[in-house]
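Please read the structure below before turning to the comments.
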């Protein structure tokens, strides 16, 4: 694995008077998949929003490739190379597959080379470029959401429960895609509730509890019956 690409240092954040993140610290390196697991309300999605600059920090900092990004306005964060695939996909439903990808490409001024690389990862999307995106299946929409984020050529990719609500064949496809991304060097933070998926793609698993990372373990050292899953995820 390469150098540390994203470093989150003791961040505090929340919504108005409600403090959600309490000194949360983590780091993820080039070509690494860090999977975050924890119960609902532990602060996982809030963390991704804080990294993207969508909610202000009240303490700590976020560094991307050695540069502090937590002081930037939210629209600048994707331009620095952080891609977010939010829970529920949030595509432009009335736009075609090609138009959705174009939105991603425009963010960092990327062109045909990047588009072609992304479509190589997702051949199914290449066959559906002119299709209106809300008419795609759930799994195809998730592919498109990931593909759009990859059009940024991100240094860091944030995935918020990408397998949620998908059928097993699509879950396998998303899992394989996350694995393929490792080879491109992108640093990935994956929020995932499925233990089997987490164990099959993650290099390390971070367990989030009460707005902090309570424990980080090498995925290879864990099994589905590891006590951490019971303690922090409740499966």
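Just one of the listed residues (129, 166, 125) is under 13 Å from residue 98 (Cα atoms), in contact (Cβ under 8 Å) with a residue 12 or more places away in the chain and outside any helix (DSSP H, G or I), namely 129. When region 1-22 is filtered for residues that are farther than 13 Å from residue 46 by Cα, part of a strand (DSSP E or B) and in contact (Cβ under 8 Å) with a residue 60 or more places away in the chain, the ones remaining, listed by number, are 5, 6.
Within region 153-167, if we keep just the residues that are buried (at least 17 other Cβ atoms within 10 Å of the Cβ) and at positive phi, the residue that is farthest from the chain's Cα centre (by Cα) turns out to be 153.
The rows are residues; the columns are (1) crowded, with 19+ Cβ neighbours inside 10 Å; (2) touching a strand residue (DSSP E or B) at 6+ places or on another chain (Cβ under 9 Å); (3) modelled with pLDDT under 95; (4) closer than 22 Å to residue 46 by Cα.
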| residue | (1), (2), (3), (4) |
| --- | --- |
| 169 | no, no, yes, no |
| 184 | no, no, yes, no |
| 188 | yes, yes, no, yes |
| 191 | yes, yes, no, yes |
| 204 | yes, yes, no, yes |
| 207 | yes, yes, no, yes |
| 215 | no, yes, no, yes |
| 221 | no, no, no, no |
| 229 | yes, yes, no, yes |
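The values are calculated or read from the model by the stated rules, or taken from the named source; none is laboratory data. Because the structure is predicted, anything quoted here is derived from the model rather than measured. Note that each Cβ is placed from the backbone with ideal geometry, even for glycine, and that neighbours are counted across all protein chains shown.
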